[in-house]
Amino acid sequence: MYKPYWSQNILDEAISNLVARKISAEKAKNLEQVMKAAFPEAMVEVPAELEEAMRNHPKDRHVLAAAVMANAQVIVTHNLADFQTDALAPWNITAQSPDNFLCELFDAYPDYPAKIVQILQQQSQKYKKRSLSVAELLELLSQQRGANLPNFVNKIHRYTA
């Protein structure tokens, strides 16, 4: 449905943010290893000079540079303010919130809704303490700090009703 891409710098920042949110460093590093194993083709190398050439917010230039190196079409982020259209346009890249990205993905092809619900069902069964229903997983996702997926959650609820 889509291919994720990241640089080591992006992963380092993500791990640091998880630890700042009270996730243990060990669990955060384990997540990084799981991500790398699941998507070995996702890692991109970013030349320093490319990062310096980016014109979006300085603290997020590494993200745009990674997207350029990956020939990505979309940067998925809650931090849309740091990815202004004029900085992305020369690279034919847009920025979308996770909610908008997931909604567009859901609507992209006739078979995607069923596939997405199937993935959510599989994910809901992988919780270690107890399996969750898709509705419980969606509730959990909607309550997580920073998740903010109201439109996507509503699409899933309407589709599964």
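Odds and ends about this structure:
- Working note: Debye formula, equal point scatterers on the alpha-carbon atoms of the range 1-60, no solvent; log10 I(q)/I(0) at q = 0.30 Å⁻¹ is -1.19.
- Model label sites at Q143 and E45, defined 7 Å from Cα along the beta-carbon direction, differ in position by 4.5 nm.
- Accessible area expressed per residue, the range 72-161, with surrounding protein chains retained (probe 1.4 Å, Å²): 65 Å²
- When the range 11-94 is reduced to its Cα atoms, the Kirkwood hydrodynamic radius in Å: 13.9 Å
- The base-10 log of I(q)/I(0) for the range 1-148, evaluated at q = 0.19, 0.21 Å⁻¹, reads -1.42, -1.55 [Debye formula, identical scatterers on Cα atoms, solvent excluded].
- Cα centre as origin, Lys/Arg/Asp/Glu Cβ charges: the chain dipole, Debye: 860 debye
- Inter-part distance where the range 76-143 and the range 1-39 are each reduced to a Cα centre, Å: 17 Å
- In sequence order, calculated HN-Hα J values of the range 51-58 (Karplus, 6.51, -1.76, 1.60; Hz; x Gly/Pro): 4, 5, 7, 5, 10, 7, 3, x
- Accessible heavy-atom area order of V34, V63, highest first, probe of 1.4 Å: V34, V63
- Solvent-accessible surface ranking, highest first, for M54, M69 at 1.4 angstrom: M69, M54
- Calculated P(r) tail over 15 Å for the range 60-137, as whole % of Cα pairs: 65 percent
- The accessible-area ordering, largest first, of the residues H78, H157, H62 stands as H78, H157, H62, per a 1.4 angstrom probe.
- Among the listed pairs K59/K128; K59/K115; K36/K115; K27/K115; K27/K155, a Cα-Cα separation exceeding 25 Å is found for K59/K128; K59/K115; K27/K115; K27/K155.
- Principal-axis analysis of the Cα atoms of the chain puts helix 25-38 at an angle of about 90° to the longest axis.
- Proximity of backbone amide H atoms, modeled 1.01 Å from N, is registered between H57 and Q84 at under 5 Å, excluding neighbours fewer than 5 places apart on the same chain.
- Annotation: amide H of V74 within the under-5 Å range of T94, sequence separation 5 or more or interchain, hydrogens built in the peptide plane.
- Note on K29: aspartates and glutamates with a C-alpha under 12 Å away, same-chain residues under 8 apart excluded, are D12, E13.
The values are calculated or read from the model by the stated rules, or taken from the named source; none is laboratory data. It should be emphasised that the depicted structure is a prediction, and the values quoted were computed from it without experimental measurement. Glycine gets a Cβ as well: all are built from the backbone with ideal geometry, and neighbour counts include every protein chain shown. Surface accessibility is based on the protein's heavy atoms, side chains included, excluding ligands, DNA and RNA. Shrake-Rupley method; radii C 1.70, N 1.55, O 1.52, S 1.80 Å.
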